[in-house]
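Trainee: To start, I am sharing the structure in question, which I have written as structure tokens.
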Amino acid sequence: MRSIDYYFSLVSPWAYLGHAPFLAIAGKHGCTVTYKPVFLGEVFSETGGLPLARRHPVRQRYRLVELQRWREKRGVALNIHPKFWPFEVALADRCVIALQAAGIDPGAFVARAFAGVWARDENLADEAVLADIAAEVGIDPAAMLEGAHGEAAGAAYAGNIADAVAADVFGSPSYVVDGEVFWGQDRLDLLADMLASGRPAYSSDV
């Protein structure tokens, strides 16, 4: 059984677009998934990336076109300009960490939280919204939020940044299998090909 480190943030539309197909691929091939939410601002800072507002207008305009293409391709609802975005994402990301630490599969919470941002105009910086989402997917909201506010979740969130940089991850989503990085939900077909073939990971040491 192969394992996949799943680096992402709930603030990322690309991770939203790829979440369901990624989990389907992982499930098909019997892979375990380790959720590793990261604060993208720090990852960009460490790896030479720029936050959206500082990118050249050409890149910003192209992003808007790509979101429309992939929204259609994936067949999902996606607001190009969601009401509550950008937002302070740390607590929402830490909820994912807390769930995993408690032995709860975060997949359903992540899926519903992504839809909250990108399809339902919900404010994931609001604890009450996070609590409602947890309850909706059958998770104890109080326990989740207590864990998210805890020192262990904070340390893990910071540690995920260091892990991401060490793994050559520089954006969201990134899927890492045996050290091979697949960056972007548009690389999911390549991830599926690797898992189907059983090939060893490729390396930049060639």
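Each reported figure results from applying straightforward, stated rules to the coordinates on display, with no laboratory input. Predicted model only: the values in this text are computed from it and were never measured. Heads up, the Cβs are rebuilt from the backbone with ideal geometry, glycines too, and the neighbour counts pull from every protein chain shown.
Trainee: Can you tell me how many residues within the stretch 24-51 are over 22 Å from residue 188 (Cβ atoms) and exposed (fewer than 12 other Cβ atoms within 10 Å of the Cβ)?
Mentor: Of the residues in that region, 3 qualify.
Trainee: Turning to a different aspect of this structure: In the stretch 1-30, which residues are part of a helix (DSSP H, G or I) and among the aliphatic types (A, V, I, L, M)?
Mentor: Once the filter is applied, which keeps residues that are part of a helix (DSSP H, G or I) and among the aliphatic types (A, V, I, L, M), the stretch 1-30 yields 15, 17, 20, 23, 24, 25, 26.
Trainee: In the stretch 152-206, how many are among the hydroxyl-bearing types (Ser, Thr, Tyr), free of Cβ contacts under 8 Å to residues at least 60 places away in the same chain and within 21 Å of residue 69 (Cα to Cα)?
Mentor: Number satisfying all stated conditions: 0.
Trainee: Of the residues 76, 89, which single one is over 15 Å from the mean Cα position of the chain (by Cα), among the hydrophobic types (A, V, I, L, M, F, W, C) and surrounded by 15 or more Cβ atoms within 10 Å (Cβ to Cβ)? Even if it seems obvious, please write down each step before you answer.
Mentor: Values: 89 fails: over 15 Å from the mean Cα position of the chain (by Cα).
After applying the criteria, what remains is 76.
Trainee: Here's another thing I want to ask about it. Could you tell me which residue of the stretch 31-73 is farthest from the chain's Cα centre (by Cα), considering only residues that are in a helix (DSSP H, G or I) and among the aliphatic types (A, V, I, L, M)?
Mentor: Ranking the qualifying residues of the stretch 31-73, first place goes to 58.
Trainee: Let me ask something else about it. Among the numbered criteria (1) loosely packed, with under 14 Cβ neighbours inside 10 Å; (2) within 30 Å of residue 177 (Cα to Cα); (3) among the aliphatic types (A, V, I, L, M), which single criterion is violated by residue 137?
Mentor: The single condition residue 137 does not satisfy is (1).
Trainee: Look at residue 111 and say whether it is under 14 Å from residue 15 (Cα atoms) and either surrounded by fewer than 15 Cβ atoms within 10 Å (Cβ to Cβ) or in contact with a helix residue (DSSP H, G or I) (Cβ under 7 Å, 6 or more places away or on another chain) (or both).
Mentor: yes
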